[in-house]
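Take a look at the structure below.
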Amino acid sequence: MEIVWGRVLPVIVSIVIIIGVAVLREYSKTLAAIAATMPINIPLALWIVYAGSDTASMEQFTRAMLINIWPTIGFLLVAWLLAREGYGVVPILAAGYAAWGVGLGVVLAVRQVSGI
């Protein structure tokens with residue numbers, strides 16, 4: 001049986017990052033935050049798209065990623081605001097995902113109307 005590295009590698013990298021964040025948080029919250037927000041899936045996704053497409057497809061894909069990052073930034077903003085107010089992890093995650101969902105809906109609506 002052949003290993004499909006395009007599918008296995010993201011899982012392995014994610015596990016290593018989770019362990020790294022758990023270890024780093026004991027030494028430095030800043031380093032842990034940097035490790036948690038590293039663009040790991042982006043290079044992997046670019047690699048996969050690049051392997052099966054042309055330059056125009058890469059441009060469209062990277063433009064779509066740039067547009068679609070905004071809901072994630074909304075997730076982080078809501079998470080930070082609630083953490084600052086002392087909420088626990090469950091309400092932070094619930095509100096963060098709610099904000100992400102609303103943000104994604106807005107992005108999709110804007111893309112539909114504008115044709116981006």
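The values are calculated or read from the model by the stated rules, or taken from the named source; none is laboratory data. Keep in mind the model is a prediction, meaning the values are calculated, not measured. Virtual Cβ from ideal backbone geometry, glycine too; neighbours counted across all protein chains shown.
Quick notes on this structure:
- In region 39-66, the residue that is nearest to the chain's Cα centre (by Cα) out of those that are of a type in the set (A, V, I, L, M) and loosely packed, with under 13 Cβ neighbours inside 10 Å is ILE42.
- Flag: VAL102 does not match the condition of being assigned to a helix (DSSP H, G or I), over 21 Å from ILE40 (Cβ atoms), among the aliphatic types (A, V, I, L, M) and in contact with a helix residue (DSSP H, G or I) (Cβ under 7 Å, 6 or more places away or on another chain).
- Lone qualifier among LEU82, LEU93, LEU77 - being farther than 19 Å from ILE42 by Cβ and touching a helix residue (DSSP H, G or I) at 6+ places or on another chain (Cβ under 6 Å): LEU82
- Unmet criterion (only one of (1) in contact with a Lys or Arg (Cβ under 9 Å, 6 or more places away or on another chain); (2) of a type in the set (Gly, Ala, Ser); (3) over 26 Å from VAL102 (Cα atoms)) for GLY20: (1)
- Filtered by the rule that a residue be part of a helix (DSSP H, G or I) and closer than 19 Å to PRO10 by Cα, region 49-64 gives VAL49, TYR50, ALA51, PHE61, THR62.
- Under the condition of being farther than 20 Å from ALA64 by Cβ, out of contact with any Leu (no Cβ under 6 Å at 6 or more places or on another chain) and assigned to a helix (DSSP H, G or I), the residues counted in region 31-48 number 3.
- Scanning region 65-95 for residues that are more than 19 Å from MET38 (Cα to Cα) and either part of a helix (DSSP H, G or I) or modelled with pLDDT under 90 (or both) returns VAL78, LEU81, LEU82, ALA83, ARG84, VAL89, VAL90, PRO91, ILE92, LEU93, ALA94, ALA95.
- Looking only at region 18-38, and only at residues there that are over 22 Å from LEU77 (Cα atoms) and touching a helix residue (DSSP H, G or I) at 6+ places or on another chain (Cβ under 6 Å), the one that is surrounded by the fewest Cβ atoms within 10 Å (Cβ to Cβ): GLY20
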